[in-house]
Amino acid sequence: MRLDRFLANLPQFSHQQARLLLASGRISVNGQSVRDGTHDVRVFDRVELDDETLQTGKSARFFMLHKPTGCVSATADPRHQTVIDLLGEPHKAELHIAGRLDFNTTGLLILTNDGLWSRRLTQPASRQGKTYLVETEDPIDPDCAVCFAQGLYFRFEGLTTLPAELELLDTCKARLTLHEGRYHQVKRMFGHFNNKVISLHRESMGPLTLDAGLAPGQYRALTPAEIAQI
Ligand code: URA
């Protein structure tokens, strides 16, 4: 929300008082005086008038989880364990998943309460590659790499997938890098070649790589340096 609206919405200030306070330079956001009423204020920002706190600023939280198989990428599910159930954290309901994985897909899952940050990680426009290890039932057709690099037409959505890179690791094993996250995308891409994906594991999202030391079901907080990379 704009800072001028934020101030005017507080019960103690009128629109005019909000404007005057801004002009006086007495309003600070995260310790910096701000006079610009259009300045964007988020729930994570600390807003002060002189030494008086107007908003404390929620802490932004970021976690990497090694998602095991057999659990749902959802915040609630009536039948199955969810990834949220795996976290021993307070206020878990505030968290959302940045890029879901299917029930049986394993690997890197990012959870946060910062929607702007998670959009930067997942939006195709930000060009953050998501890398998957794929095992298929049948040998991988060498034409897959060319076809995935050109983009595949998904009739249901009426769109062509963004160029994706396929690196063959073995007859039935490959590393695939996507730059978007369509519904069941990897399975549908191999499905185009009538080849069933029998195991799928996400290794990385942009600069964030799943720690080798995190066993399935384990998680950790992201470091400030990792958070700043997105
Ligand atoms: N593509 C899929 O098909 N499934 C996933 O879980 C992730 C990407």
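The values are calculated or read from the model by the stated rules, or taken from the named source; none is laboratory data. Note that the coordinates shown come from a computational prediction; the quantities given were computed from them, not determined experimentally. Cβ atoms come from the backbone with ideal geometry, glycine included; neighbour counts cover every protein chain shown. Keep in mind that these areas ignore ligands, DNA and RNA; they rest on the heavy atoms of the full protein, side chains included. Shrake-Rupley method; radii C 1.70, N 1.55, O 1.52, S 1.80 Å.
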Members of region 44-56 found to be assigned to a loop (DSSP other than H, G, I, E, B), exposed (fewer than 15 other Cβ atoms within 10 Å of the Cβ) and not charged (D, E, K, R), listed by number:
56
Checked 122, 112 against criteria (more than 16 Å from the ligand (Cβ to nearest atom) and under 23 Å from the mean Cα position of the chain (by Cα)); the one match is 112
All positions within region 15-34 that are open to solvent by 50 Å² or more (accessible area, probe 1.4 Å) and either free of Cβ contacts under 8 Å to residues at least 12 places away in the same chain or part of a helix (DSSP H, G or I) (or both):
15, 16, 17, 19, 20, 23, 24, 32, 33
Which listed residue is among the acidic types (Asp, Glu) and at pLDDT below 95, from 165, 157, 226:
157
Among the listed residues 59, 118, identify the single one that is surrounded by 14 or more Cβ atoms within 10 Å (Cβ to Cβ) and without any contact (Cβ under 8 Å) to a residue 40 or more places away in the chain.
118
Identify all residues within region 176-221 that are near the ligand (Cβ under 9 Å from one of its atoms), assigned to a loop (DSSP other than H, G, I, E, B) and surrounded by fewer than 16 Cβ atoms within 10 Å (Cβ to Cβ); write none if there are none.
183, 184
Consider residue 167 carefully, then state whether it is under 19 Å from residue 68 (Cα atoms) and more than 12 Å from the ligand (Cβ to nearest atom).
no
